[in-house]
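No value in this document is a laboratory result; all are computed from the given coordinates. This is a predicted model, so every value here is computed, not measured. Methodologically, a virtual Cβ is constructed for each residue, glycine included, from the backbone with ideal geometry; neighbour enumeration extends over all protein chains shown.
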Ligand code: PGU
């Protein structure tokens, strides 16, 4: 019975002449939605209903994730994907940390279930993540002044904070660095939070425009949110020095602004979790109230698990309890409650001294490989480029990326079209996607695009 119904509905029972794959469209009639098709033996009219999605235009490809899509479509074997910030091995393969596999095995052995998590996420994860950030013995933790809830990685956590700002600080502006990670503006736009930029990168010195940054933060309306990259600024790879961080904290405090840290690379910049949290801890020491979004995409290689957190440091435990209740209220209608898998991995790794040590070693290894290819790329550029150009800025940058200065569209087009090197249009390359073996090739591509394309 069921099978006869199926075959009745199948196109194979239609006369061959009107098999829909063989229909050729004829000229349109006066009604644009009514087209006449003339076939050798059958003439038929098909009414094409206007789509209710006619008004929806094609969205442009994402400036970062769209690069990976273009890379996949390229069949040249020399191709190199330096667009997205994702760690690859020397063989340019994705890397799953050994300690992650161990933590996953432990989950299987324990027979962990797949019940819903509470709205705020896994308690053991929330505790571990705040402690990694501030240090376990820190007063803000001991005095329960931090509202932490698990988020959908760095992006989802930033988005929760943006929603909180929109709800409880109406009209307040977020200041973001120029330039910044491509998705920051989208996040605040989507949350309907106004933003403007503060000066950060100085193309003349290929360094930090510290004076410009301080001046812009000073001139922002009191009580603005100042978005800061905790370490390994994306895309420039240029961080303030410890002394500059102190001055940044001074001016933010003076103006009664609210710092908002995006920490997507803790442990990935220097290889040390503590060193990379120094900026955040400086602000915590001062008793300031502030936001910190965290991500485990890079430092634990959990890109697709979407595991991170939003922390709001408050001046009292009571305020933290209220803020947390509102973050949960924002999360509930958006996605109800977060996924458990990545949260358990983090909690297992951090909760076990041996695994925690292994994680740190693997993180150092990854950060170390990036530093080695950075040096090799620099050496290749210096030995191949006879123009006398100073490439030392590459060595001064830290983290996953190098900001090459190839910021003209024709230059990144040349990198891609001629050399099959995929990168973002702002001139950023991800060194985490580069191998030692490809450094010379990349140096040739950069030198060609730099000197021969303007
Ligand atoms: N914040 C910064 C500064 C980032 O660089 C990234 C990731 C995130 C937050 C968000 O990461 P989650 O994966 O949501 O935890 N930036 C990478 C990844 C690709 C992307 O754009 O999402 C990048 O290539 O810039």
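Results, tabulated for the structure shown:
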quantity: Equivalent ellipsoid semi-axes, the chain, via Cα gyration tensor eigenvalues times 5, rooted, Å; calculated: 43, 32, 25
quantity: Directionally averaged projected area (convex hull, Cα atoms, region 166-239), nm²; calculated: 5.0
quantity: Contour minus Cα-Cα distance for residue 444 and residue 321 (0.36 nm per residue); calculated: 38.7 nm
quantity: Exposure proxy ranking, count of Cβ atoms within 10 Å, fewest first, for 181, 195; calculated: 195, 181
quantity: Approximate shape of region 315-375 as ellipsoid semi-axes (Cα gyration tensor, √5λ), whole Å, largest first; calculated: 34, 16, 15
quantity: Separation in nanometres of the label points that stand 7 Å from Cα toward Cβ, at residue 408 and residue 281; calculated: 4.6
quantity: Segment residue 90-residue 136, extension gain: residue separation times 0.36 nm, minus the distance between their alpha carbons; calculated: 13.1 nm
quantity: Cα shape, region 378-440, gyration tensor, a/c 1.5 rule; calculated: rounded
quantity: Cα centroid separation - region 260-302 against region 104-144, whole Å; calculated: 17
quantity: Extension gain, residue 108 back to residue 395 (0.36 nm per residue minus Cα-Cα distance, nm); calculated: 99.0 nm
quantity: Whether region 236-376 is rounded, prolate or oblate, judged on the alpha carbon gyration tensor where a/c under 1.5 counts as rounded; calculated: oblate
